[in-house]
Each structure stands twice: as C-alpha cells, then as structure tokens.
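Step one of this worksheet: look at the structure below.
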Amino acid sequence: MDHYAVVGNPIAHSKSPWIHAAFARQTGQALVYQTLLAPLDGFEQSVTAFRIGGGRGLNVTVPFKLEAFALANHHTPRAEAAGAVNTLAFGPDGILGDNTDGAGLVRDLSFNLHCPLVGRRILLLGAGGATRGVLLPLLTSLPASLTIANRTASKAIALAERFIPHAGRARVDGCGFEELAGRRFDLVINATAASLADELPPLPPGLYAEGALAYDMMYGRGQTPFLRAALADGAARVADGLGMLVEQAAESFALWRGVRPDSAPVLAELRRLVEAS
Ligand code: NDP
C-alpha cells in the first residue's frame, strides 16, 4: 500500500482522507491516506519522518504552505508563481512541490458551475495564501480584468504588481475594499478568512453585475455570511468552496497516481454529508 496524508495544524477536521479514499475506491488504486498533525515548529521534521517511513506524497494545509514551498527541491510553474505549495510528491529526484488550489477553483467554476471566465471581470477578495495560489490559473483563463482587494490594501497592490507579467491582455490591479465603490464584477471570489470568524469583508454595495456569481472559498452547512450578503446585494447565484476542495484533491490525486478520478459523484456525496452534519 502506498501512503499519503494531509499535514496541517489543526488537522482533525480535514475532509481530505474521506475524499482520497473515495477517489481510490473509484479508480481501484491501492493506497492509504491519513491526517498528519505537525507541531507548529516541526513541519520539516514531520515531513521527513513521513517520507523516511515510506510516504509517497502529502497535501499541505494551514499554516504550512509557505514552508512546504521552501522544503521542495523543485516546483511546478503554478507553485513557483504562487510561492506556496499544497501538494508534495516524493520521488527519486527529491521533493516536487505543486499548488493545485487554483486549478481546483478554475475547474469548479468552469466545469461544475458553468461559469466561463474568458472576458469576465473578476474580483478576488483577500491577499493571503489562497489568493496567491489561484492568481495564475485565473489569469490563464483569460479574464478581461482581475482586481485584488484586501483589508490591508498594500498587500493587494503588491500582489497585483507581482502578477502583471502573467496577465496577458487582462487588466490587473490591487486596492482596498472602499476603492471598489462604483465598480461592477461578473465574478466575486471571497478568499479572505473572514467567514471563518463568521464575519464579512466590509464591501461597498452594488458590486454585482447582471448574472454575477459570488463564490466563497469557505464551505460548510448552509450559506456563509458572505454568500447571504452577496444575494442581498444582487448576486444572481452563489457557491461555496466545497467543489474547489474536491477538485484540488482530484488534481493532487492525478499528479500522484497518474489517473484522474471522476470528481462529480464524490462532490455530490460530500455535499450530502456536509448538509446532513
Ligand atoms: P491567510 O491567513 O493566508 O489570509 C487571510 C486573508 O483574509 C488576508 O488577506 C486577510 O487580510 C483577510 N482577512 C482575515 N480576516 C478578515 C476579516 N475579518 N475581514 C476582511 N479580511 C480578512 O488565509 P488563506 O488565504 O490561506 O485562506 C483564506 C480562506 O480560503 C480560508 O477561509 C480558507 O479556509 C479558504 N480556503 C479554501 C480552500 C478550498 O479548497 N475551498 C483552499 C484554500 C483556502 P489582511 O491581509 O488584511 O490580514
């Protein structure tokens, strides 16, 4: 049996073992996938012990994505652009670091939610690790514009400047929340940690263009405060980040095992479990 795990702190809440077990059953792959709680000051030691014990790969979650980037010997282009890693693969050449968060988000948006990104005006709220992970895949989807807005505006501006070379013909800018007043977007993605504290980013009203989708990377039972506020402010439809979670897992699974699972039935079953919890 090949061994995999998701490493983080805390980690007990993670749905990744359930998702990867479902993928393994579906594709007939023999593997074990568990959680790995690393001490806050012991990420590298935990990874090394797991690898020496025969582990083949790890998913990496809060707060270790930057340390995982530093630990990897080589990176995929999307991990390089993000400067953060959520997937480690152990092989003869050392440790490969990848970041599948953005590909997971783009697939959830375009495939599961039928929300085309080409030519759209995208607003991304937040300038933390999740935002960094999704910027390159979003820009590769050829939007008309991509605006990053953050509570600490300087972080959004710095991030926008860093990604302008990857922007192609898209207009990329960064700002604080109040500077969004009077602007309209086709897709608004909440990548702030506000929903974790049951809070809302303080957004000006009228952000949603006709037919706009509001997307919260946070997920759980029922709607997040951000999604409720988006509907009240005119968003035509809303979605949470459960699809992104399953799709980024599918992308990691494909990297490790060379076979892409069918994510749709796994997402449908996980949604049922989350709503029943
Ligand atoms: P970080 O800690 O790296 O970044 C947090 C961001 O949220 C910062 O931009 C911070 O602003 C902002 N923020 C925090 N609290 C508030 C608040 N009360 N109001 C407004 N802004 C706030 O977190 P991550 O980027 O790693 O994660 C962000 C979210 O995305 C989390 O909810 C996480 O669960 C989710 N996520 C979901 C995934 C999925 O698969 N569905 C994958 C990855 C992440 P400032 O810079 O001013 O401090």
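Structure above, values below:
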| item | result |
| --- | --- |
| Options V172, V188: the member that is under 18 Å from M217 (Cβ atoms), of a type in the set (V, I, T) and more than 12 Å from the ligand (Cβ to nearest atom) | V188 |
| Residue list for the stretch 197-220, restricted to those being more than 18 Å from A149 (Cβ to Cβ), loosely packed, with under 12 Cβ neighbours inside 10 Å and either in the same structural domain as V62 (by TED's automatic domain parsing) or of a type outside the set (D, E) (or both) | A197, G211 |
| Residue within the stretch 66-75 that is within 12 Å of the ligand (Cβ to nearest atom) and touching a residue at least 24 places away in the same chain (Cβ under 8 Å) present | yes |
| Subset of the stretch 147-168 [modelled with pLDDT under 95 and more than 20 Å from the chain's Cα centre (by Cα)] | I164, P165, G168 |
| Filtered residue count, the stretch 240-260, keeping only those that are more than 16 Å from the ligand (Cβ to nearest atom) and not in a helix (DSSP H, G or I) | 3 |
| Verdict on A212 being in contact with a Ser or Thr (Cβ under 8 Å, 6 or more places away or on another chain) and small (G, A, S) | no |
| Check on A276, of a type outside the set (S, T, N, Q) and either open to solvent by less than 20 Å² (accessible area, probe 1.4 Å) or under 22 Å from I148 (Cα atoms) (or both) | no |
| Residue in the stretch 223-233 that is exposed (fewer than 15 other Cβ atoms within 10 Å of the Cβ), farther than 30 Å from Y33 by Cβ and within 14 Å of the ligand (Cβ to nearest atom) present | no |
| Test set (1) outside the structural domain of A230 (by TED's automatic domain parsing); (2) open to solvent by 30 Å² or more (accessible area, probe 1.4 Å); (3) within 24 Å of E247 (Cα to Cα) - H166 fails condition number | (1) |
| Residue tally, condition surrounded by 24 or more Cβ atoms within 10 Å (Cβ to Cβ) and among the β-branched types (V, I, T), over the stretch 88-103 | 1 |
| Residue check, R257 open to solvent by 60 Å² or more (accessible area, probe 1.4 Å) and either of a type outside the set (A, V, I, L, M) or modelled with pLDDT under 95 (or both) | no |
| Restricting the stretch 169-196 to residues that are of a type outside the set (D, E, K, R) and open to solvent by 30 Å² or more (accessible area, probe 1.4 Å), the residue that is modelled with the lowest pLDDT | L196 |
| Criterion violated by S154 - all others in (1) polar (S, T, N, Q); (2) more than 12 Å from L187 (Cα to Cα); (3) touching a residue at least 24 places away in the same chain (Cβ under 8 Å) satisfied | (3) |
| Criterion violated by L125 - all others in (1) among the aliphatic types (A, V, I, L, M); (2) within 24 Å of A230 (Cα to Cα); (3) within 16 Å of the ligand (Cβ to nearest atom); (4) open to solvent by 10 Å² or more (accessible area, probe 1.4 Å) satisfied | (4) |
| Odd one out for L40 among (1) more than 11 Å from G8 (Cα to Cα); (2) without any contact (Cβ under 8 Å) to a residue 40 or more places away in the chain | (1) |
| Check on A153, within 16 Å of the ligand (Cβ to nearest atom) and of a type in the set (A, V, I, L, M) | yes |
| Count - residues of the stretch 134-163 that are β-branched (V, I, T) and open to solvent by less than 10 Å² (accessible area, probe 1.4 Å) | 3 |
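Residue-by-condition table, conditions (1) modelled with pLDDT of 95 or more; (2) of a type in the set (S, T, Y); (3) away from the ligand (no atom under 14 Å from the Cβ):
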position	(1), (2), (3)
E44	yes, no, yes
V47	yes, no, yes
R51	yes, no, yes
G55	yes, no, yes
L58	yes, no, yes
V62	no, no, no
A81	no, no, yes
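The values are calculated or read from the model by the stated rules, or taken from the named source; none is laboratory data. As the structure is a computational prediction, the values presented were derived from the model and not from experiment. Backbone-built Cβ (ideal geometry, glycine too); neighbour counts: all protein chains shown. The accessibility values were calculated without ligands, DNA or RNA, using every heavy atom of the protein model including side chains. Shrake-Rupley method; radii C 1.70, N 1.55, O 1.52, S 1.80 Å.
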